[in-house]
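*Asks:* I have a structure here, written as structure tokens, and I will follow up with some questions on it.
Here, each number is a calculation from the coordinates, and none is a lab measurement. Being a predicted model, the structure only gives us computed values, none of them experimental. FYI the Cβ positions are ideal-geometry reconstructions off the backbone, even for glycines, and counts take in every protein chain you see.
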Amino acid sequence: MDIIVAENIRKKFKLKNGQKVKNNGVVSDEVEALSGFNLKIRKGEFLVLVGPSGSGKSVFLDLVSGLSSPTSGVVYLDGKPVQAPSAKTGYVFQQYALFPWRTALSNVECGLEAKGVAKDERVRIARELLSLFGLSDFEDRFPYQLSGGMQQRVSIARALATKPEVLLMDEPFAALDAQTREILQNELIRIWEGTDTTVIFVTHSIDEAVFLADRVAIVTARPGRIKDVIDIDLPRPRTGEVRSSSEFASNRHKVWLALKSEVTKAEQYSKLAKGFTD
Amino acid sequence: MSKDLVVPEKLGLKDRSVDMSGYIQRFAHLFEGLKNWSIGLPLVFVFFALWELLPRLGLVDSLILPTFFDTIRVLYDLTFSGKLILHVLVSLQRAIAGFGLSVLVGVPLGLLMGHYRQFEKITDILVQSLRNTSTFALMPIFLLVLGLGESSKIAIIFYGALWQILMNTISGVKSVDPIYIKAARSMGLSEKDLFVKVILPASFPSIVIGARLGAKIALMVVIAAEMIGAKSGLGFFIQNAQYNFMIPEMYAGILTMSILGLIINYLLVWLEKRATYWKGEIGGSIH
């Protein structure tokens with residue numbers, strides 16, 4: 001069953017005053033981030049979006065969350081068009097986006113406050129989630145007192161607190177060092193495998209995509225659309241060991257082949273764009 | 001699987017058993033603060049010494065500048081006869097009323113102007129024109145419209161203190177990291193909650209700085225206002241002392257003013273630090 005259906009999405013952005021862009025010889029003050037974007041996401045799956053920079057992956061997450069709306073086309077969540085943010089989706093950002101004036105516990109409570117959950121219940125849920133991430137001893141710490149990896153754990157806990165049907169993750173581990181990133185990937189997969197949450201995860205790392213995903217969707221260079229969806233046939237539950245298996249390498253190769261031409265295209269675009277502004 | 005879990009201690013963070021050393025640290029901090037502060041004292045002593053010596057040596061007419069100790073003696077008498085305290089309290093009352101009003105108006109207005117681009121565009125020219133009109137130039141108008149009573153003085157103080165608070169609130173709101181707003185929206189926070197739970201706390205440090213500057217102006221304006229049309233207050237006291245050629249009393253009044261300003265400044269610096277408790281400390285304090 002599909003939980004999210006994106007139908008023929010187009011999303012344009014107006015540039016700032018005076019800024020122009022040249023596309024196929026046409027000068028315009030608009031950028032087309034997504035065009036002809038179609039994608040069906042199954043309930044409970046872990047879907048990873050990969051694609052060159054600027055291909056509109058994060059734009060798609062914003063559309064699913066209801067933070068912005070498409071120029072044309074519809075995103076359906078549970079069969080209904082997404083119109084505004086709701087507790088059905090949780091969002092995790094690359095920059096953690098924790099509120100620095102709130103403690104770890106209070107940050108996790110935040111979404112529950114918006115839902116009107118009573119204080120005792122909020123604290124109970126938040127404590128449970130923090131302990132799931134091994135952060136029970138840090139609930140009274142402010143974000144500046146936590147390492148990057150811990151901050152991102154709190155941020156994921158915050159997004160999960162409202163029990164969203166869909167968890168949106170926009171390059172959540174990109175700002176972390178390689179070791180911490182791997183540890184967090186393992187933790188995420190362990191926690192996710194115990195839930196029925198659907199995850200849409202954006203990354204630039206093919207290794208990350210293959211390790212986490214049920215399916216990897218390849219997004220084309222701008223304007224973004226889905227070029228290919230690749231099934232990852234690695235067994236679950238997955239542990240760190242799977243990374244060194246030959247199946248992992250062959251899946252990795254499949255994704256890279258599909259992605260390569262798009263990355264090259266995006267490189268050429270950016271060179272053209274630079275030539276234009278010079 | 002468990003070997004993949006990070007043990008927090010390994011990340012270089014200590015557990016909570018540091019509470020005791022926290023108190024010791026705070027005490028050491030206070031001591032350090034006092035030490036830093038006392039570095040400035042010798043220069044103040046030099047200033048007082050000059051004040052004492054210049055009239056004493058006859059370099060300045062002691063009718064124009066009474067010696068430091070004469071001034072202190074008068075200040076002591078005035079304080080313990082209760083005369084001065086009454087005036088100080090009256091001035092403080094006016095300053096607090098005017099300042100409080102400017103916070104009540106400036107902060108909400110600033111939050112709206114900072115957050116809603118269109119609202120700012122509509123109000124900006126009027127606000128900028130009013131802001132750049134000297135409070136002192138407007139005093140006659142306030143007196144004319146509101147009379148010689150309390151309301152005119154409070155209104156002048158309000159007007160003077162308003163702009164710093166308003167401008168700092170606006171710039172505070174504008175510098176809120178958009179990712180906080182995005183995160184809040186994604187969690188489904190209502191527009192009201194967005195203001196109360198995100199924009200206000202995020203811009204609070206900037207608002208407190210505005211309040212500190214506003215409070216300084218309030219103190220300055222209250223003295224000026226009392227010099228123009230009042231029968232009480234520190235400004236009236238200083239002016240009155242001058243008219244009646246009670247020069248030591250005049251200096252005692254001015255000295256009181258300085259002490260008052262100093263106390264309020266440190267109070268607000270302390271408040272500012274409290275307001276940014278979640279930011280962590282980078283180096284020393286600035287005030």
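*Asks:* If you average the alpha carbon positions of segment A:41-116 and of segment A:130-180, how far apart do those two centres end up, in angstrom?
*Replies:* Here the two parts' Cα centres lie 15 Å apart.
*Asks:* For a quick check: with amide H placed at 1.01 Å from N, whose amide H comes under 5 Å from A:Y91's, ignoring anything fewer than 5 positions away on the same chain?
*Replies:* A:L168
*Asks:* Over chain A, what is the percentage of antiparallel beta bridges among all DSSP beta bridges, to the nearest 5?
*Replies:* 55 percent
*Asks:* Starting with the fewest neighbours, write out A:D78, B:D70 ranked by other beta-carbon atoms found within 10 Å of each beta-carbon.
*Replies:* A:D78, B:D70
*Asks:* What whole number of Å gives the distance from the Cα centroid of segment B:41-91 to the Cα centroid of segment B:108-173?
*Replies:* Between the Cα centres of segment B:108-173 and segment B:41-91 lies a distance of 36 Å.
*Asks:* Still on this structure, please answer the following. What's the angle, to the nearest 10 degrees (0 to 90), between helix B:117-131's Cα axis and the longest principal axis of chain B?
*Replies:* 10 degrees
*Asks:* Tell me, what HN-Hα J-couplings in whole Hz come from the Karplus equation 6.51 cos²θ - 1.76 cosθ + 1.60 at θ = phi - 60° for each residue of segment A:81-86, using x for Gly and Pro?
*Replies:* x, 6, 10, 8, x, 8
*Asks:* Of the candidates A:G56, A:G240, A:G224, which one comes out as most mobile in a Gaussian network treatment of chain A with C-alpha springs shorter than 10 Å?
*Replies:* A:G240
*Asks:* What does the charge count around B:G261 come to, taking other residues whose C-beta lies under 13 Å from its C-beta (Lys +1, Arg +1, Asp -1, Glu -1)?
*Replies:* Residues close to B:G261 contribute a combined charge of +2.
*Asks:* Something else now. Please give the net charge around B:P66, taking every other residue with its beta carbon less than 12 angstrom from that of B:P66, where Lys and Arg add +1 and Asp and Glu add -1.
*Replies:* Residues close to B:P66 contribute a combined charge of -2.
*Asks:* Further question on the same structure: Add +1 for every Lys or Arg and -1 for every Asp or Glu among the other residues with Cβ under 15 Å from the Cβ of A:F93, and state the total.
*Replies:* In short, +1.
*Asks:* Consider just the alpha-carbon atoms of segment A:141-278 and return their Rg together with their Dmax, both in angstrom.
*Replies:* Values for segment A:141-278 (Cα only, Rg and Dmax): 17.0, 52 Å.
*Asks:* Next question, about the same structure. Looking only at the protein assembly as shown, where both bridge partners belong to it, what percent of the DSSP beta bridges are antiparallel (to the nearest 5)?
*Replies:* The answer is about 55 percent antiparallel.
*Asks:* Next up: Treating the angle as unsigned and between 0 and 90°, give the value, to the nearest 10°, between the Cα long axis of helix B:19-38 and the longest Cα principal axis of chain B.
*Replies:* 30 degrees
*Asks:* Also, I was wondering about something else. Just checking the output field for A:90-99: average partner chain Cβ neighbours within 10 Å of each residue's Cβ?
*Replies:* Mean partner shielding for this stretch: 4.
*Asks:* Once label points are set 7 Å from the Cα along Cα→Cβ at both B:L43 and B:L126, what is their separation, rounded to one decimal in nm?
*Replies:* Using points 7 Å along Cα→Cβ, the separation is 4.5 nm.
*Asks:* Continuing with this model, one more query. Volume per residue, Å³, of the convex hull around the alpha-carbon atoms of chain A?
*Replies:* With only Cα atoms used, chain A gives 148 Å³ per residue.
*Asks:* Greater than 19 Å separation of Cα atoms is the criterion. Which listed pairs, A:K115/B:K197; B:K121/B:K174; A:K40/A:K88; A:K88/A:K115; A:K11/B:K192, meet it?
*Replies:* The pairs that break the limit, which is 19 Å between Cα atoms, are A:K11/B:K192.
*Asks:* How tilted is helix B:247-275 with respect to the longest principal axis of chain B? Cα atoms for both, answer in degrees (0 to 90, nearest 10).
*Replies:* Around 0 degrees separate the two axes.
*Asks:* Just checking the output field for A:237-243: average partner chain Cβ neighbours within 10 Å of each residue's Cβ?
*Replies:* Other-chain Cβ atoms within 10 Å of each residue's Cβ, averaged: 1.
*Asks:* Counting pairs of alpha carbon atoms under 8 Å apart in space and at least six apart in sequence, what relative contact order in percent does chain A give?
*Replies:* Across chain A, relative contact order equals 24 percent.
*Asks:* If the elastic network links every pair of Cα atoms under 10 Å, which of B:L148, B:L262, B:L43 fluctuates the most in the Gaussian network model of chain B?
*Replies:* B:L43
*Asks:* Also: Which order do A:T264, A:T162 fall in if you start with the one that has the fewest other Cβ atoms within 10 Å?
*Replies:* Going from sparsest to densest Cβ surroundings: A:T264, A:T162.
*Asks:* Additional query: Quick one: check the C-alpha center-to-center distance for segment B:176-200 versus segment A:197-250, whole angstrom.
*Replies:* 32 Å
*Asks:* Same structure, new question: How are the alpha carbon pair distances in the protein assembly as shown distributed across 20 Å bins from zero to the largest one, expressed in percent?
*Replies:* Spelled out per bin, shortest first, that is 17, 38, 27, 15, 4.
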